[in-house]
Each structure stands twice: as C-alpha cells, then as structure tokens.
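The values are calculated or read from the model by the stated rules, or taken from the named source; none is laboratory data. Fair warning: this is a prediction, and the values are worked out from it, not measured in the lab. Counting neighbours? That spans all protein chains shown, and the Cβs are built from the backbone with ideal geometry, glycine included.
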Amino acid sequence: MNSIIKLDTRGRLVIPNEFRETLDLKEGDKVILSLDTKNNIISISPIYGEKDYLIKMEIRFGDKPGSLAKIASLLAKLKVDLLMTESKSFERGAKARWDIIADISKSNLSTQEIGNELLGSGFVEDASIKQISRDRLHR
C-alpha cells in the first residue's frame, strides 16, 4: 500500500484513512517514528501492547566493545522485550546512550526494579525508564 501525501505549512502530515483502518490506529494512539538517514526513509510503526507494559528507556553507559551486548543480555534475562532501539556513541570510546521502546509484560519486575538491576550491573552509568500509556488494548 502506497500513498503520496503533502506536508502542510507546519510540516505535519495526515496518515490516510485506509492506512489507519488497516493498522487500527485511532486518535491519541502512539507510534514510533524512525528516520533512516542513509536511505532517506521515514517509517511509522504503531506501538501495540498492553497499556501498563510499554516503557521507554534511556540507558547511558561506557562506550567500550561489548557493552551494548552485555546490557542486551541483561535485559533478555530480565524478560524485557525490545520493540525498537537506537544506540549512539557520544564520546567515542567513553560515553554512549541506548534508547529503547520495550514491552515488560513477561517480566516479573517493576520499572524501578529493572532500573536497579541495570544500575547494579556495573556497566550502566544511568538509566531512565518511563511507562508509555495507551488508551486501548490491541490484539
């Protein structure tokens, strides 16, 4: 399915009705907007999941080889399901950040406990975790 649409004067766009219906998107729903600068592509992905289990995490850590893999392994052990991620090195070899949208419905830990586990790991310097709310449940 493709459609050509026009941005308005404020840079906004309207997702065509047939797209919204197909994806069951309603007013107030949240989506992930991703930019692929290499290929000049913007993608919009709906966030599906139960409302109390979607979280946004910002994790700051030392930019050393294997650090991201260690954090990913810990999150898998905590049963955190990664839906979208983006990592960035801010100071090559010293500081990096990982932004994550995740589903924690399979984890028995609260967001605070997940944060504590990350901080206690020894390779995470700072972690911010916020819940993403959603008015309806999608199946």
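Tabulated data
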| item | result |
| --- | --- |
| Matching residues, segment 14-30, being in a loop (DSSP other than H, G, I, E, B) and over 22 Å from the mean Cα position of the chain (by Cα) | VAL14, PRO16 |
| Selection from segment 69-116 of residues that are at positive phi and modelled with pLDDT under 95 | GLY93 |
| Out of GLY11, GLY28, sole residue that is without any contact (Cβ under 8 Å) to a residue 12 or more places away in the chain, surrounded by fewer than 13 Cβ atoms within 10 Å (Cβ to Cβ) and over 20 Å from SER128 (Cβ atoms) | GLY11 |
| Test: residue in segment 102-116 that is among the acidic types (Asp, Glu), more than 30 Å from LYS26 (Cβ to Cβ), in contact (Cβ under 8 Å) with a residue 40 or more places away in the chain and part of a helix (DSSP H, G or I) | no |
| Of all residues making up segment 90-122, the number that are buried (at least 16 other Cβ atoms within 10 Å of the Cβ) and more than 17 Å from ILE47 (Cβ to Cβ) | 8 |
| Selection from segment 31-59 of residues that are touching a residue at least 40 places away in the same chain (Cβ under 8 Å) and small (Gly, Ala, Ser) | SER34, GLY49 |
